[in-house]
Amino acid sequence: MEASDQIHSSQSLQLASDTTPNLSPRSSSDEEEHDNETLRLLRMDKLSKVDGQNSVFDDEERVSSPLDGQDSGLHGLTLYEKKCVLINREIDAHGMGKYQWWIWGLCGFGYLLDLLWAQAFGLVLSPIQQEFGFSNAQSGDISVAFSSGLTAGAFVWGFLVDIIGRWWAFNLTAFFSSIFGLCLGVPDSYTSFLVLTAFVGFGVGGNIPIDTTICLEFIPQNRRFLLALLSIFQPIGVVITSVIAYGFIPQHSCKPDFTTSNPLPSCRNVAAGTPCCSKAQNMGYRYLLFTIGGITLFVFFMRFIVFRFQESPKFLVFRGQDDKAIKVLDYVAKFNGVQNNITLEQFERLTQEHESIMSASSGKALLGSALKRTWRQKGLFELERYKLLFSNWQVSRLTILIWLTYICDFWGFTVAGTYLPTILAKKGGQIDVSLRQTYRNYIYIYLPGIVGVLIGAFMYNVPAIGRKWTMVLSSGLMGASIFIFSTVNTQAANVGLNLMEYFFQSMFNAVLYGWTPEVFPAPIRGTACGIASFWGRLFGIVSPLIAQHLYARSEGGDINAVLYLAGGVTLGCVIWISLLPNKLVGAQSM
């Protein structure tokens with residue numbers, strides 16, 4: 001490449017960067033200095049050295065480069081970060097092309113699957129209990145099994161996505177959950193059903209941390225609000241599940257059904273010849289699960305067959321595979337109908353300059369040297385990445401507050417998702433609301449959640465409100481609606497307060513899931529999001545165990561105690577989010 005071409009390319013990339021707006025919400029003047037320090041520490045180029053100690057990227061000494069004179073945006077960055085800046089600028093120059101929209105949509109399907117299954121288990125709890133005849137004290141076991149699978153999936157897939165790559169995790173999560181999901185309508189025992197539920201959860205559990213990671217690494221910097229908008233697929237998933245349940249469960253459930261004062265007993269709890277609820281009479285919930293399993297398989301088909309997903313260029317660069325990263329950028333550019341302006345020669349030039357400078361100074365190893373290490377060294381290298389989450393006080397504070405927020409969030413909505421449908425059905429039975437009307441009410445309740453996500457995405461970048469205060473407001477109103485629901489029992493109030501709870505839950509999760517990957521760099525982004533999700537899923541296992549004991553206090557279930565548990569813990573999100581600095585996200589994510 002001629003020198004003039006290099007300068008022209010550099011200037012073009014700089015222009016693309018300069019035109020990218022800063023999407024971080026504004027902070028107050030008295031917090032600006034403190035917030036800027038937090039922002040400085042959170043960026044990868046400031047995480048490399050803390051208190052004089054080298055991090056996992058200790059082979060990436062920060063040095064000046066001759067290229068810095070041509071492009072001041074690369075000054076003082078590591079070799080890896082310089083390449084990431086060039087990748088960011090190239091993606092920004094492409095804009096929101098066809099490839100990005102495909103990625104956004106397919107990642108949204110992962111969000112859809114998460115709530116398709118979570119909502120399904122809440123809606124099938126009552127008909128399953130009527131057929132299998134287990135007690136209220138075992139009513140939380142389905143949620144525990146699903147949450148156990150989600151917990152393991154969030155941890156394992158979140159860790160693997162930074163090791164085996166985005167491509168494998170992106171496809172295998174959908175494949176895993178579809179296979180076991182299609183089998184869920186087959187079991188004739190509660191134990192078998194719980195085992196399959198856990199395996200479905202394991203596949204579904206990796207979706208959100210993986211999908212947010214992938215989406216962040218392919219969309220332009222000025223379209224980050226689309227990360228929050230991914231959550232619009234969650235209420236859509238809930239509505240789809242509710243519509244399918246409305247079509248199958250009231251029509252194909254045992255009569256008298258579980259909302260009446262004298263429901264048909266389980267065949268497992270009565271003598272032979274006594275009228276009872278059998279499998280043949282209770283196929284509605286099975287039809288629901290078969291259908292959702294089919295939808296999950298369709299998502300896998302779209303990801304694996306229809307669309308050719310490419311590995312993340314940043315992942316490939318971190319693994320020392322610059323040539324493959326360039327091929328990905330070429331493919332994406334061709335798919336979008338534009339030209340890729342980054343060449344392998346540019347990456348090689350950066351590497352050569354870095355080699356010469358490091359050779360003249362410390363002589364340390366270069367990016368990609370991890371590929372030359374032994375398996376034991378590679379394993380230790382991977383574990384070292386976790387230290388970035390606790391590299392100093394500010395970053396440790398951020399990590400812990402994120403974990404606490406996920407714990408309270410998952411605790412609250414797991415209990416709500418598991419028991420609110422059952423509680424609404426029982427309250428409806430007390431005021432003569434039919435089973436068909438109850439399941440129709442679910443559609444009314446969950447449909448406005450789509451609007452909640454849209455408002456959350458809109459508030460994402462509103463000055464002086466932004467991510468932080470949107471989450472504070474929505475989590476507070478979510479918890480309040482659950483408390484108020486415990487004090488009333490009319491059809492209008494029951495529907496309205498459940499609608500309010502899910503509306504603000506959708507808004508809160510839209511911002512939380514979109515914001516979390518922004519504060520972590522690419523080498524640990526999947527891991528960090530996976531661990532945060534892991535802690536939330538883990539307490540999603542504990543919360544139903546506590547709730548089912550509260551629910552079993554009386555024969556009809558101690559409804560208010562369960563609601564107090566869900567509402568009280570949800571309000572904990574208000575505290576942890578309030579303790580976060582206002583400004584947490586930089587102009588670029590590495």
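When Lys and Arg each count +1 and Asp and Glu each count -1, what net charge do the other residues less than 10 Å away from residue 321, Cβ to Cβ, add up to? Spelling it out: positives minus negatives among the neighbours equals 0.
A Förster radius of 51 Å combined with the Cβ-Cβ distance from residue 464 to residue 542 puts the calculated FRET efficiency at roughly 0.90.
The magnitude of the dipole of segment 377-589, with charges of +1 and -1 set on the Cβ of Lys/Arg and Asp/Glu and taken from the Cα centre, is near 340 debye.
According to the calculation over all Cα-Cα pairs in segment 377-589, the P(r) per 10 Å bin from zero is 8, 31, 32, 18, 9, 2, 0 %.
Rounded to the nearest 0.05, what FRET efficiency is calculated for residue 302 and residue 274 with R0 set to 56 Å and r the Cβ-Cβ distance?
Details: r = 48 Å, r/R0 = 0.86.
After rounding, the FRET efficiency stands at 0.70.
Remark: segment 109-250 carries 23 Å² of accessible area per residue (probe radius 1.4 Å; ligands, DNA and RNA excluded). Taking one quarter of the surface of the C-alpha convex hull of segment 263-354 gives a mean projected area of 11.6 nm².
The residues of segment 377-589 present an accessible area of 33 Å² per residue when probed at 1.4 Å with all protein chains retained.
Once both labels are positioned 7 Å from their Cα atoms along Cα-to-Cβ, the gap between residue 432 and residue 163 label points is 6.2 nm.
Rounded to a whole number, what % of the accessible area of segment 377-589 do carbon and sulfur atoms account for, probe 1.4 Å? Mind dumping the intermediate values first?
Details: 4950 of 6960 Å².
Ligands and nucleic acids excluded, carbon and sulfur give 71 percent.
Volume per residue for segment 435-522 equals 105 cubic angstrom (convex hull of Cα atoms).
If one computes P(r) from the Cα atoms of segment 95-320, what percent of pairs lie at distances over 32 Å? Display every interim value, and only then the final one.
Working: 6670 of 25425 pairs.
For segment 95-320, the share of Cα pairs beyond 32 Å comes to 26 percent.
All Cα-Cα distances of segment 175-267, cut into 10 Å bins from zero to the largest, leave 13, 27, 32, 18, 8, 2 percent in each bin in turn.
Rolling a 1.4 Å probe over the protein heavy atoms of segment 95-320, with every protein chain left in place, gives an accessible area that is 69 percent carbon and sulfur.
The values are calculated or read from the model by the stated rules, or taken from the named source; none is laboratory data. This is a predicted model, so every value here is computed, not measured. So basically every Cβ, Gly included, is an ideal-geometry build from the backbone, and we count neighbours across all protein chains shown. Quick note on the areas: whole protein, heavy atoms, side chains included, nothing else; ligands and nucleic acids left out. Shrake-Rupley method; radii C 1.70, N 1.55, O 1.52, S 1.80 Å.
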